[in-house]
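Some notes on the structure that comes next.
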Amino acid sequence: MDRETRVFAESHFRGLRGRPAGGVGASPGRVDFIERPDSFSYADFFKRYLLPNVPCVFSSAFTEGWGSRRHWVTAAGKPDFEHLLRKYGEVVVPVANCGLREYNSNPKEQMLLRDYISYWKDYIQGGYSSPRGCLYLKDWHLCRDSLAEDVFTLPMYFSSDWLNEYWDTLDVDDYRFIYMGPAGTWYHLCAATLLPVPCPCLPLPHTLPYPVDSGRASLRCPVRGIGCQEEALRDCHGGLPYDVTSPALLDSQLYPMREHCSPPLEVTQEAGEMVFVPSGWHHQVHNLDDTISINHNWVNGCNLANMWHFLQQELRAVQQEVSEWRDTMPDWHQHCQVIMRSCSGINFEEFYHFLKIIAERRLLLLAKGMGHGEVEDSQDTRLGPQQAAFDVSRIAEVLASVVAHPDFQRLDTSMFSLQPEELLQQLEEVMVTTASL
């Protein structure tokens, strides 16, 4: 990030005054296609798509050097089953049944990759049908596996990736997933609370889908997750649809506000292309061909306020569900945090630790006095001082809101290695010293 981009971004967030990004305004009527890497800079992506929180598609030229595109795909553009079997056949992978609904998801089972590929071959030979149903390999954390080859190289546009930086620092988890499945597999409507990017090698929530082989995916983004578009798609009970292609959405009694919802954006993602799905946008994917995709979910300063807004909404929902026990249950507020974490994977305490780890890394980077140089981190991304200073300003704004929240103030922070108020003070002091950087 250069200084001009940082100043532009900080002015943008001052104008939002703490509101989540992308929360107002109409959805774009089309999705821009980015053709050439040599004429599209980080500043271009940051200002035109990341900051305003709108989608775009990157051409296959951006992914042509990826190992997955070289090794996982045959010359005919089909999944290279033999290579996948040789390399990963004995790996246990999660597999979902697209034809079955369990609450608002699909039931999953664990199986060896070789068994899933055997099923996939039989499914193709059976005319894309099987008595076992339509099975979809989803959420495979291959990038954490020691067997992983040169799967993909994170493009510089997505290098400010706090979520995976956090989990890689803890060496516990990650938000990089492999999806594989025959034509007809799909996943239901979900919200990109994070920043997703799907890509088919065949086809990375922000989300980045990256397709790897000749896979083609139809991506439907029917609503922006924050604002009136989402509300217009809720049913009479307040729930969002599971499948936006369902005829049930035509029932005006079940979906009384549906007529006020704008038509969905539809993108057909070709092999090697990347789709940037903005933070807070609901989306649904249908694979038109046999497809392998790499999905990369991330968080950074641009959607940090969205994440904090989402967590507050989740806590309010939990508190409402268990409100009848508020006066009779000891430690009711703490129980709400426990329930929230079990439902959302994170609570207020863990969110603070997430902010703390990223903040400490940015403060250390700035303290090294890099001048106009860059520092390479463990994910082989490059963070310059302007990016670090921008990150500090975003963490400070959100942390100030966290510290002031009544439910955060109820937490026992006595065992924290750094008190939240102390961290906030450090960030604010650094903001003053880096203002003229």
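The values are calculated or read from the model by the stated rules, or taken from the named source; none is laboratory data. On a predicted model such as this, the values are computed, not experimentally measured, just so you know. Glycine gets a Cβ as well: all are built from the backbone with ideal geometry, and neighbour counts include every protein chain shown. Protein only, heavy atoms only, side chains kept; ligands, DNA and RNA dropped before computing areas. Shrake-Rupley method; radii C 1.70, N 1.55, O 1.52, S 1.80 Å.
Packing order of peptides 6-16, 29-39, highest average first: 6-16, 29-39 (average count of other Cβ atoms within 10 Å over each peptide's residues). Non-local lysine pairs in the chain, meaning eight or more places apart or on different chains, with alpha-carbon distances under 21 Å, amount to 9. When the accessible area of the chain is computed with all protein chains present and a 1.4 Å probe, what percentage of it is carbon and sulfur? Heavy-atom surface of the chain belonging to carbon and sulfur, 1.4 Å probe: 51 percent. Above 28 angstrom, tally the Cα pairs of the chain and express them as a % of all pairs, no decimals. Result: 52 percent of Cα pairs exceed 28 Å.
Principal semi-axes of the equivalent ellipsoid, √(5λ) from the alpha carbon gyration tensor of region 306-363, are 26, 12, 8 Å from largest down.
For region 1-87, the percent of C-alpha pairs falling in each 10 Å distance bin, counted from 0 to the bin holding the largest distance, reads 13, 31, 25, 18, 11, 1.
Rolling a 1.4 angstrom probe over the protein heavy atoms with all chains in place gives the chain an accessible area of 44 Å² per residue.
Estimated at the nearest 10 Å², the accessible area of TRP186 is 40 Å² with a 1.4 Å probe. Highest mean packing first, where packing is the average number of other Cβ atoms within 10 Å per residue, the peptides 249-259, 291-301, 70-80 line up as 291-301, 70-80, 249-259.
Peptide packing for 98-106, 419-427 was compared via the average number of neighbouring C-beta atoms within 10 Å per residue; ordered from the highest value, the list is 419-427, 98-106.
Taking θ as phi - 60° and the Karplus parameters 6.51, -1.76 and 1.60, the scalar couplings of region 323-330 work out to 5, 5, 9, 4, 8, 10, 8, x Hz in sequence order, x denoting glycine and proline. Residue order by solvent-accessible surface for PHE45, PHE152, PHE310 is PHE310, PHE152, PHE45, largest first, with ligands and nucleic acids left out and a 1.4 Å probe. Working note: Karplus 6.51/-1.76/1.60 with θ = phi - 60° gives region 169-178 the couplings 5, 7, 6, 10, 8, 7, 10, 10, 10, 9 Hz, where Gly and Pro are set to x. P(r) for region 246-336, from all Cα pairs and a bin width of 5 Å, is 2, 9, 13, 12, 12, 16, 15, 11, 6, 3, 1, 0 %, short bins first. Scanning residues 5 or more positions from LEU383 or on other chains, those with amide H under 5 Å from its amide H are VAL375, ASP377, with H placed 1.01 Å from N in the peptide plane.
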